[in-house]
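Notes for the one structure printed next.
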Amino acid sequence: MHRGGGGGTIRVLNVAEKPSVAKSVSEILSRRSGGMQSRPGRSQYNRIFEFNYTIGGQACHMSVTSVTGHLMELEFEERFRRWHSCDPADLFQAPVRKFVPQDKQAIKQTLEEESRKCHWLVLWLDCDREGENIAYEVVEVCTGANRNLNIFRARFSALIDREIHEAVQHLGRPNKLFADAVDARQEIDLRIGASFTRFQTMLLKDAFVIDIAADDRNLVLSYGPCQFPTLGFIVERFWEIQAHEPEEFWTINCTHTSDEGTASFVWIRGHLFDYTSAVTTYEMCVEEPMATVQNVRNQEKLKYPPYPLSTVELQKRASRYFRMSSEHTMKVAEELYQAGFISYPRTETDSFSPNTDLHTIVREQMPHPVWGEYAQRLLNPEARLWRNPSNGGHDDKAHPPIHPTKFSAGENNWSQDHKKLYELIVRHFLACCSQPAVGAETTVEIDIAGEQFNASGRVVLALLLLTADPNEISNFIDAKQRYGFSCLHR
Amino acid sequence: MSGRLRSVDEFLLRLGLHLRPEWLESCAAGLPGFDGLGRAEVQARRCFEQFLFADMNTCGAGVLPEGVGNMHAVVLDGPFVLQVDEIVNISAPLRERYHEIHAGPKRCLKLSMTDGIQRIFGMEYRPIKDLEVLAPAGLKVNCCSFLIFWDNCLTFGFCALVLCISVFGFYLRQIVIRNVHIRRGLLMLVPEVIEILGGVVDDLEAARDRLVSEVNKPPRGKRKQGGLPLSSRATLAAWPGSSNVTNGGEGIPLAAAVNSSHSTGLGTV
């Protein structure tokens, strides 16, 4: 870290992605040095927090403010904005530019004013490509007001003390390539979206009668390169469902009752859509109803622990267990992250890096009344329950898999959804550090008049990780019982 | 029937094939150098090759016992040469019924067959590897034979004339030993009793292609369906201009009966 200017305190402008992150970062960094002050900026929602701090031995005066997502928008130059100004195909070549829209002017002003007073700019935007892109927008605005700013990038995955202090003591530089990638994506979306929207609206304007109260002239058939194909999938599925015609089919049920219970056997053919054939086969079974046991197999079945948790897996499980939509899941997860309870929830990574301190994370969960005991057993070498998490094969090199970063027995301001999601993340983490659950599956094959029927049942021998993840138990155990076949003839 | 053809006809009858005299006449007339071929079985072979590509609905004279559609729990003496007009997979719902799938527990084929006079259905009781879901429409099969149909005849035929007939006669007796079960008018087909002879009927094949492409079309909304169920739309595609779109068995012109009653695999016997 160089000293900027000659000796003395350096003034540092820190910019985060949203007001809540600015507040969290300020609280964490100012805790030891006696707290922080806050004052309003030009924008109502983006306050400025001030406190003193030391970076690499250098005394700093920190001003922390925020933006609210993207600061700039991409648009065509003025002369191409009107719909009939050109052929839609021309939009693939028309010049585009980035500019700060009306509703973000206040934030721009704040950044310009604060930049003039500071020596360093530290970017605290989220650590993904979009964040990097916003970082460069901030850089553009700030260097517009102060060409001499020394620009740094702070990288962190969780809003917890350890990570934030680490991030600020090991500042890096922003990555232009990531920002450029997002720019490219934005430009592609703009050109394709605008040109096709204009094109298909003008083409199909009079082709359909659409019952919307709006003025005909304002009817727009919009196109997005991601949205439209997705709409296609939905419509295709709708048509499939609509076109479904029920058909009659027939099957043969076979059960065997003994003292130990009743077993249901499944016909190996499944079912037949032809009445004559089904009845003929059934008659042959009824004429010779003696069942001969062909095979009895006993197999150990293992239920392996899940891979460490990534975003898509989190959304799937929250949807499956709690019927939470993906959007809602991510909103709740963001809130848990900003309050420091879980790591950054937008990640593709499903393997832990080798120097992650997994034991500490487990230890933090020991005080919990419900799963604390399991956490204890995991850490007990005599229980032999521990197993290093497996590797799912994905690593976005930006964030670790989603895991709990702070213990909580439930906060007062948590809704049911917050509680459920936090519990899901903790349980998933504990499960992925556990040995597999073990069950035994018995399969029986019988033959009646040449037709084959099968039955199978499972018993759980070692619950283990399933106690960590009760949602998975019903998937693992069948309703059928395991039982003996000594009564049937060979 | 003219004398020269009588021995050809008898030869084919022994192999389970009964053809209408007028068809045999016109076939012989149409084959250049027919009379010069000499022996009956050589002439019979030439006629047989033509027969593979003819429609048995018009050229077959019937070889199955009368009232076969009402027989139950009997064993039929073979051999019978039959034409398979249509094959459907009754283990699958309509939209998957014409997807090719290997023989196995998840496939059960139902065959609609004719000997020219009577229609009879067969069920793939045990997996028959040589049968495909999309086998050519109008395929000829031989029931109750488990030996290779012609090749043995020729192999022995060129050695010695006398030996050929007696040896082949010996094989015929072995063929007759293995017979096909019929229950409720449905032939219970197993690999041991059925042999694929080959052949195709172009008209039937074209109609079947039209039917399959209609069934396999991805759904595209109610307007395109025109208010008819898929099975009816498929039949109409197969036989455009046919007004007999019902589930029936007898009494409907054969061409329409092939698809209208069996395109859903729910043929009644």
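The values are calculated or read from the model by the stated rules, or taken from the named source; none is laboratory data. Values in this document were obtained by computation on a predicted structure and should not be read as measured data. Neighbour counts are summed over all protein chains in view; Cβ atoms, including those assigned to glycine, are modelled from backbone coordinates with ideal geometry.
There is no residue in segment B:243-259 that is modelled with pLDDT of 80 or more and away from chain A (no Cβ under 14 Å).
Every residue, every condition in (1) hydroxyl-bearing (Ser, Thr, Tyr); (2) under 21 Å from residue A:72 (Cβ atoms); (3) surrounded by 22 or more Cβ atoms within 10 Å (Cβ to Cβ), yes or no:
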site: A:122; (1), (2), (3): no, yes, yes
site: A:130; (1), (2), (3): no, yes, no
site: A:146; (1), (2), (3): no, yes, no
site: A:149; (1), (2), (3): no, yes, no
site: A:162; (1), (2), (3): no, no, no
site: A:166; (1), (2), (3): no, no, no
site: A:179; (1), (2), (3): no, yes, no
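Within segment A:421-459, work out how many residues are within 22 Å of residue A:370 (Cβ to Cβ) and part of a loop (DSSP other than H, G, I, E, B).
Within segment A:421-459, the subset within 22 Å of residue A:370 (Cβ to Cβ) is A:421-435, A:437.
Pick out the ones that are also part of a loop (DSSP other than H, G, I, E, B) and you get A:433, A:435.
Total meeting the criteria: 2.
In the condition set (1) part of a helix (DSSP H, G or I); (2) out of contact with any His (no Cβ under 7 Å at 6 or more places or on another chain); (3) touching a residue at least 60 places away in the same chain (Cβ under 8 Å), residue A:134 is compliant with all but (2). Filtered by the rule that a residue be within 10 Å of the chain's Cα centre (by Cα), surrounded by fewer than 16 Cβ atoms within 10 Å (Cβ to Cβ) and of a type outside the set (Gly, Ala, Ser), segment A:315-330 gives A:316, A:327. The single condition among (1) buried (at least 16 other Cβ atoms within 10 Å of the Cβ); (2) in a loop (DSSP other than H, G, I, E, B); (3) within 14 Å of chain B (Cβ to nearest Cβ) that residue A:248 does not satisfy is (1). Scanning segment A:347-365 turns up one or more residues that are part of a helix (DSSP H, G or I), in contact with a helix residue (DSSP H, G or I) (Cβ under 8 Å, 6 or more places away or on another chain) and loosely packed, with under 14 Cβ neighbours inside 10 Å.
Among the listed residues A:293, A:312, A:279, A:286, which satisfies the condition of being in contact with a Leu (Cβ under 6 Å, 6 or more places away or on another chain), of a type in the set (A, V, I, L, M, F, W, C) and either more than 14 Å from chain B (Cβ to nearest Cβ) or surrounded by fewer than 18 Cβ atoms within 10 Å (Cβ to Cβ) (or both)? If you could, list the steps in order and put the result at the bottom.
Working: A:312 fails: in contact with a Leu (Cβ under 6 Å, 6 or more places away or on another chain); A:279 fails: in contact with a Leu (Cβ under 6 Å, 6 or more places away or on another chain); A:286 fails: in contact with a Leu (Cβ under 6 Å, 6 or more places away or on another chain).
The conditions single out A:293.
Which one of A:243, A:263 is crowded, with 16+ Cβ neighbours inside 10 Å, among the small types (Gly, Ala, Ser) and away from every other protein chain (no Cβ under 14 Å)? Testing whether each residue is crowded, with 16+ Cβ neighbours inside 10 Å, among the small types (Gly, Ala, Ser) and away from every other protein chain (no Cβ under 14 Å) leaves just A:263.
For segment A:58-86, how many residues are under 19 Å from residue A:220 (Cβ atoms) and in contact with a helix residue (DSSP H, G or I) (Cβ under 9 Å, 6 or more places away or on another chain)? Break it down into steps so the answer makes sense when it comes.
Residues of segment A:58-86 under 19 Å from residue A:220 (Cβ atoms): A:73, A:75-76, A:80-86.
Applying the additional criterion that residues be in contact with a helix residue (DSSP H, G or I) (Cβ under 9 Å, 6 or more places away or on another chain) yields A:73, A:75-76, A:80, A:83-86.
Qualifying residue count, segment A:58-86: 8.
Residue check, residue A:25 against (1) modelled with pLDDT of 90 or more; (2) over 16 Å from residue A:163 (Cβ atoms), all met but one. Which one? Going through (1) modelled with pLDDT of 90 or more; (2) over 16 Å from residue A:163 (Cβ atoms) one by one, residue A:25 breaks only (2).
Among the candidates B:240, B:219, the residue that is at pLDDT 80 or above, within 14 Å of chain A (Cβ to nearest Cβ) and in a loop (DSSP other than H, G, I, E, B) is uniquely B:219.
For every residue, the table says whether it meets (1) in a loop (DSSP other than H, G, I, E, B); (2) of a type in the set (Ser, Thr, Tyr); (3) surrounded by 14 or more Cβ atoms within 10 Å (Cβ to Cβ).
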{"site": "A:15", "(1), (2), (3)": "no, no, yes"}
{"site": "A:35", "(1), (2), (3)": "yes, no, no"}
{"site": "A:42", "(1), (2), (3)": "yes, no, yes"}
{"site": "A:45", "(1), (2), (3)": "yes, yes, no"}
{"site": "A:61", "(1), (2), (3)": "no, no, yes"}
{"site": "A:68", "(1), (2), (3)": "yes, yes, yes"}
{"site": "A:75", "(1), (2), (3)": "no, no, yes"}
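Here residue A:334 fits the description: away from chain B (no Cβ under 13 Å), charged (D, E, K, R) and within 39 Å of the chain's Cα centre (by Cα).
Can you tell me which residue in segment B:1-59 is nearest to residue B:195 (Cα to Cα), limited to those that are among the hydroxyl-bearing types (Ser, Thr, Tyr) and touching a residue at least 12 places away in the same chain (Cβ under 8 Å)? Explain how you work it out, then say what you get.
First pass over segment B:1-59, keeping only residues among the hydroxyl-bearing types (Ser, Thr, Tyr): B:2, B:7, B:26, B:58.
Keeping just the survivors that are touching a residue at least 12 places away in the same chain (Cβ under 8 Å) gives B:2, B:7, B:58.
Details: B:2: 31, B:7: 25, B:58: 22 Å.
For segment B:1-59, the residue satisfying everything is B:58.
For residue A:184, the criteria (1) surrounded by 11 or more Cβ atoms within 10 Å (Cβ to Cβ); (2) more than 14 Å from chain B (Cβ to nearest Cβ) hold in every case but one, which is (1). If you go through segment B:11-28 and keep only what is under 21 Å from the mean Cα position of the chain (by Cα), in a helix (DSSP H, G or I) and among the hydrophobic types (A, V, I, L, M, F, W, C), you end up with B:11, B:12, B:13, B:23, B:24, B:27. I'd like the residue in segment A:226-236 that is more than 22 Å from the chain's Cα centre (by Cα) and surrounded by 11 or more Cβ atoms within 10 Å (Cβ to Cβ) and, out of all such residues, is farthest from the other protein chains (Cβ to nearest Cβ). Result: A:228. The lone criterion from (1) more than 19 Å from residue A:179 (Cβ to Cβ); (2) in contact with a Phe, Trp or Tyr (Cβ under 6 Å, 6 or more places away or on another chain); (3) surrounded by fewer than 18 Cβ atoms within 10 Å (Cβ to Cβ) left unmet by residue A:96 is number (1). Number of residues in segment B:99-114 that are away from chain A (no Cβ under 11 Å) and more than 21 Å from residue B:198 (Cβ to Cβ): the value is 2. Of everything in segment B:115-127 that is more than 14 Å from chain A (Cβ to nearest Cβ) and buried (at least 21 other Cβ atoms within 10 Å of the Cβ), the residue that is nearest to the chain's Cα centre (by Cα) is B:115.
Of the residues B:8, B:75, which is among the β-branched types (Val, Ile, Thr), over 30 Å from residue A:249 (Cβ atoms), out of contact with any Lys or Arg (no Cβ under 8 Å at 6 or more places or on another chain) and not in a loop (DSSP other than H, G, I, E, B)? Before the answer, list the steps.
Details: B:75 fails: over 30 Å from residue A:249 (Cβ atoms).
Going through B:8, B:75 in turn, the sole match is B:8.
For every residue, the table says whether it meets (1) modelled with pLDDT under 90; (2) among the aromatic types (Phe, Trp, Tyr); (3) touching a Ser or Thr at 6+ places or on another chain (Cβ under 7 Å).
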{"site": "A:228", "(1), (2), (3)": "no, yes, no"}
{"site": "A:273", "(1), (2), (3)": "no, yes, no"}
{"site": "A:288", "(1), (2), (3)": "yes, no, no"}
{"site": "A:313", "(1), (2), (3)": "no, no, no"}
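Beta carbons closer than 6 Å, at least 6 apart along the sequence or on distinct chains, pair a first residue in segment A:90-119 that is in a strand (DSSP E or B) with a second that is among the hydrophobic types (A, V, I, L, M, F, W, C) for A:96/A:74; A:96/A:76; A:98/A:72; A:98/A:74. What's the total number of residues in segment B:85-114 that are buried (at least 23 other Cβ atoms within 10 Å of the Cβ) and farther than 30 Å from residue B:219 by Cβ? Counting residues in segment B:85-114 that are buried (at least 23 other Cβ atoms within 10 Å of the Cβ) and farther than 30 Å from residue B:219 by Cβ gives 1.
Looking only at segment A:266-276, count how many residues are without any contact (Cβ under 8 Å) to a residue 60 or more places away in the chain and either more than 7 Å from chain B (Cβ to nearest Cβ) or part of a helix (DSSP H, G or I) (or both).
We begin by selecting, within segment A:266-276, every residue without any contact (Cβ under 8 Å) to a residue 60 or more places away in the chain; these are A:270-276.
Going one step further and asking which of them are either more than 7 Å from chain B (Cβ to nearest Cβ) or part of a helix (DSSP H, G or I) (or both), we end up with A:271, A:275-276.
Number of matching residues: 3.
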